[in-house]
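Only the coordinates and a few stated rules stand behind these numbers; no lab work does. On a predicted model such as this, the values are computed, not experimentally measured, just so you know. Here Cβ is always computed from backbone atoms with ideal geometry, including for glycine, and neighbour counts include all displayed protein chains.
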Amino acid sequence: MKRKLLLFVFLIAMTGYISAQVVADFEVIPLNVMYGGSEDLSTMTVAVNPDQTGINTSTYCVKFVRDKDGVPWGGFWSSLPAAVDVTVNKYVHVKVWKTRITPIKFKLEGGSAGTLEIASMNAQTTVNAWEDIVFDFSEKTGTYPIIAFMPDFEDPITLTEDIIIYFDDIMVNNDPTPNTAAGYVIEDCEAIPLNMMLGGEEDLSNMTIVPNPDPSGINTSGYVVQFNRDMDGVSWGGFWSSLPTPVDVTTNKYVHVKVWKPRVSPIKFKLEGGEAGTLEVASTNTQTMTGAWQDFVFDFSSKTGTYPIIAFMPDFADPVGLTEDIVIYFDDIQVTDSPVPISLGVPVTLNVDMHGSGLAVDEPVYLAGDFGGAYGTWNEPGTNPANQLTDPDADSVYSLTMDLLPGTYQFKFFKSAGWNGGEWGGDPNRKVTISGEASLTYHWAVKPAVLTLNVDMHGSGLVADEPVWVAGDFGFVYGVWNEPGTNLANQLFDEDADSVYTLALNLESGMNVAFKFFKGNGWTGGEWDGDPNRTAAIVNDTTVTVFWGVKPGTEGVGDHPLASKVSVYPVPCNTYLTINTSIQMKSVTVSSTMGKKLISIEKPALGTTTIRTEELATGLYFVTFYPQSGNPYTVKVLKY
């Protein structure tokens, strides 16, 4: 059976939590559409109940557009947040509205008593009207985490055109009689009413529930409310709602709403109908982001008691000032005891040292990049005030503090408005990976460079899952001698499982850095105690590959009598390796870590001999010198 995921949504009436009261979160159980191939275009959505009469006067229901090219078992399956329990309540009820009479089936899966798919115990008798259809699961007991519903199980299908079926109020009780009270409800598809606040005939603003267009940051939920705001609307455009359960601000004083907007403007929320009187307030926090989710907080600490009516105005610009319609999204209306906005972002300060840049007096400094949110995606310098850096200390170091989500960003600095004032033309962009709060200083027109560190951990005694770190004076997000384990930006990883751990650091060209590698957290896991540190001079992109615990300048040096008479270079090597001998050798071999001889040279000439190594895979090798008499001498060599 082929399955296609389609989440549909509804507005949840207020549900109590210990520290928060959820007014609406716009989520629902997932319904996975069961369909029959590429020609089957069946869909399910939440829609307004087209026939609010008889046994179903609710506002919303599920609309099933059944493709004529579908399959008998067309419908949905769902993995439930809370499993169906048929220990006591044995009968599943579903309200159905259909244009033709056909069999209807329901299925329980995943329970210890086994799967059961059955037809309804009462046959459908009505078309174009709501009817309660009952399914008998009295032979089963226990819990079932998966359900499936097939409201039109005609086999074979005789449809010549698509049809529409509606269903609603999936519930369980212990009564096989149709139209009886629920034991508990699996799904009722209901919502708080969203009554539009409009400004006249020309105001065509509307609201609908849609898939979240930007499931990122603080809001990764499936569905949200889309507010299509007409440019001819009013400042107070939005919605009001008479709630099934009033908002209670006796203990929880702060209303939170997540909003996604294309422009910056005030936002207001209103409580009405309470004994303490009506209150309309603007958000306590100002909007700092566009094109991203931000949590807005409304302070009702001056009120107490319950309020049955709310109103929300997400774009209270007065005058409105729009020249075209815009789209606004909002989600997760809740009341908590916290005045602090929800934020996954961290403060990141970018500094650029403008000494020697030729910056004129009063000439502005900007950045452009792919930060998103209020900072846009490569907004042209000068077009977005959020991207201007300032020099409050008049020390020629310009700064901008941004609220950024963890991630990797690219950017570049600019003098004056427009693209012509960049640090340099074309690539490369600067690059930074943000994992926490940071203050980063760059130098105008000094191009970025990547320092790639590789450390071969063969023979290091590294245990499974023990982390490998680097500490040094890199600066930027890597800090200055951060203690191993305290800065995630400094962890190396072995992606190829070859015991060579790697980290690419985004730095600046021309830097000279000192560093050392560590096993585990803390300073005690270093390669050696005390000096020396490893060093690297960064000229453009630079790669440094070393062996764990081999001090700089001592590779191949030891107490063996041959140590001073032979040498190998470069270490590490790539396409070739040179051996140098000052005494006659019987042979020189290159072997794998498993002991397999890969290259053998008999009676190499005195002086230097070049060995081609481009055919060797990346990894550790052993070069062994066999003298005319005495013990052989082995040197480790890394091929990259």
Ranking of Arg229, Arg612 by count of other Cβ atoms within 10 Å, fewest first: Arg612, Arg229
Coil-residue chymotrypsin sites (Phe, Trp or Tyr not before Pro) of the range 239-304, DSSP, other Cβ within 10 Å capped at 15: none
Pairwise centroid distance, computed over Cα atoms, of the range 314-359 with the range 406-447, Å: 21
Positive-end residue, the chain charge dipole about Cα centroid, Cβ charges, pick of Tyr184, Val92, Gly418: Gly418
Straight-distance crosslink candidates among lysines, where the alpha carbon sits under 18 Å from Lys98 and sequence neighbours closer than 8 are dropped: Lys63, Lys68
Relative exposure of Ile326, Ile538, judged by other C-beta atoms within 10 Å (fewest first): Ile326, Ile538
Which labelled figure in (1) 1.34; (2) 1.71; (3) 1.25 is Cα Rg over 2.2 N^0.38 Å, once derived from the coordinates: (1)
When each of Lys258/Lys415; Lys261/Lys303; Lys261/Lys412 is checked by Cα-Cα distance, pairs over 32 Å: Lys258/Lys415
Exposed-loop-free span, longest in the chain, where GluC sites (Glu not before Pro) count as exposed if DSSP calls them loop and at most 12 other C-beta atoms lie within 10 Å: 496-613
Using a Förster distance of 56 Å, the FRET efficiency for Met231-Ser399 (Cβ separation, nearest 0.05): 0.90
Leu606 versus Asn512: modelled label distance in nm, points set 7 Å from Cα along the beta carbon direction: 3.9
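For the chain, what is the charge dipole size about the Cα centre, in debye to the nearest 20, if Lys and Arg each add +1 at the Cβ and Asp and Glu each add -1 at the Cβ?
Once rounded to the nearest 20, the dipole reads 2520 debye.
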Proximal charge balance of Tyr307 [Cβ under 13 Å; K/R count +1, D/E count -1]: -1
Phe547, Phe411 arranged by Cβ crowding within 10 Å, fewest neighbours leading: Phe411, Phe547
Highest to lowest packing among 175-183, 215-223, scored as the average C-beta count within 10 Å: 215-223, 175-183
